[in-house]
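As structure tokens, the structure follows; a few thoughts come after it.
The values are calculated or read from the model by the stated rules, or taken from the named source; none is laboratory data. Everything numeric in this text was worked out from a predicted model, so none of it was measured. Glycine gets a Cβ as well: all are built from the backbone with ideal geometry, and neighbour counts include every protein chain shown. In case anyone asks, the SASA skips ligands and DNA or RNA and just uses the protein heavy atoms, side chains included. Shrake-Rupley method; radii C 1.70, N 1.55, O 1.52, S 1.80 Å.
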Amino acid sequence: MQEVKILDGGFSTQLATHVGDIIDGDPLWTARFLITNPKAIIHTHLDFLKAGADIILTNTYQASIDGFSKYMNITEEESLNLFCKAVDYAKEARNLYKQGIENGKNIINASPLIAGSIGPYGACLHDASEYSGKYCSSVSEEMLINWHRPRIQKLLNSGVDMLAIETIPCKKEAQALVKLLREFPNSKAWLSFSCRSDGKSIADGSNFQHVALQCYRQALPGQILAIGVNCIPPQNATSLLKGINDNCKEEFVPLIIYPNSGERYTLEHGWMKHEEGHSLHEFIHEWLNLGVRYIGGCCRTNAVDVEKIRAEVEKWKSNN
């Protein structure tokens with residue numbers, strides 16, 4: 001049975017415990033703190049490692065040359081250098097964590113990995129279009145490849161263990177990214193989609209399973225570590241993942257899920273709770289039985305949630 005890896009949680013949610021600032025609504029989101037408060041970034045990564053995360057994601061989801069140039073008035077070279085710094089901060093947290101191991105602390109995972117976070121083009125538009133994919137009809141595949149290339153190249157050159165290609169809302173962008181990955185044949189990545197609440201579609205209306213499996217198979221052999229969903233209410237996830245491994249009997253397809261807390265985000269009101277909200281922890285065994293092998297939390301989840309996820313995964317493993 002393939003090993004289950006625990007991811008970290010919502011970076012902005014945990015970061016807020018260190019900075020006390022309003023993070024949501026900022027056009028750079030947490031990426032601003034790559035310049036203004038690197039220590040808080042390091043401590044946020046360290047929180048997740050101490051909570052039991054096997055993989056931490058760099059603070060680069062909403063980082064872009066365009067955004068840094070517009071909102072921080074820095075050059076393209078300086079902007080790209082921030083991607084290197086983001087990896088350095090994750091490495092520093094990992095080093096601090098390992099020092100704790102050497103000092104005799106009870107540490108769960110002695111060899112944590114770093115994933116370079118690659119958010120969609122829509123994230124830099126600061127209009128919540130990563131949840132709709134509406135921009136995909138007005139951009140070309142070539143434009144998306146050229147926009148993503150320098151970010152991916154910087155993260156890989158800085159020594160991440162893998163890429164976290166996440167919250168992708170449309171088929172065109174997913175296919176562009178898979179094509180771009182072929183330029184980096186030694187790289188590994190997971191591919192995670194932004195999906196609708198109908199249990200079958202990614203944000204642009206395309207069929208999730210069809211697009212995800214198509215991308216998985218079009219990539220270089222072994223290059224896609226897992227396919228799945230993130231930043232989705234936990235109660236909407238099972239129907240998206242169900243049947244993938246039943247319908248692919250000739251191969252096991254590793255799945256990934258890191259849902260949000262079940263709240264819904266709008267630009268006007270921020271995060272709003274649903275009355276029928278569910279805890280992501282109640283679905284963990286169900287997801288693992290479907291073939292999920294990478295699992296964590298997204299927006300509005302924190303280090304305590306990662307601890308709970310780890311505990312549920314350990315329970316599942318002891319019964320299987």
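Ordering 44-55, 183-194 by mean Cβ neighbour count within 10 Å, with the highest value first, yields 44-55, 183-194.
Measuring only protein heavy atoms, the 1.4 Å probe finds Glu77 accessible over about 150 Å². Read through the labelled values (1) 31, 26, 19; (2) 34, 24, 19; (3) 25, 25, 20 and report the label of the one computed as semi-axes √(5λ) of the Cα gyration tensor in Å from the structure. This structure yields the entry labelled (3).
Across the stretch 13-76, Cα pairs under 8 Å and at least six residues apart give a relative contact order of 35 percent. Taking a span of 18 Å or more along the helix axis (Cα atoms) and a mean Kyte-Doolittle hydropathy of at least 1.0 as the rule, no DSSP H helix of the chain qualifies. For Lys171, the lysines whose Cα comes closer than 22 Å to its Cα, not counting residues fewer than 8 places off in the same chain, are Lys134, Lys179, Lys188, Lys200, Lys242. Per residue, the accessible area of the chain comes to 42 Å² when a 1.4 Å probe rolls over the protein heavy atoms.
Between Ser279 and Ile35, the distance separating the two model label sites (each 7 Å from Cα on the Cα→Cβ line) works out to 4.1 nm.
Each label was represented as a point 7 Å from its Cα along the Cα-to-Cβ direction; for Asn95 and Asn186 these points are 2.3 nm apart. Summing Cβ point charges (Lys, Arg +1; Asp, Glu -1) relative to the Cα centre of the stretch 1-144 gives a dipole of roughly 540 debye. Charged side chains reduced to their Cβ positions (Lys and Arg at +1, Asp and Glu at -1) give the stretch 92-210 a dipole of some 200 debye around its Cα centre.
Extension gain for Ala311-Asn207 works out to 34.2 nm (0.36 nm per residue, less the C-alpha to C-alpha distance). Per-atom-type breakdown for the chain gives carbon and sulfur 46% of the accessible area (1.4 Å probe, protein chains only).
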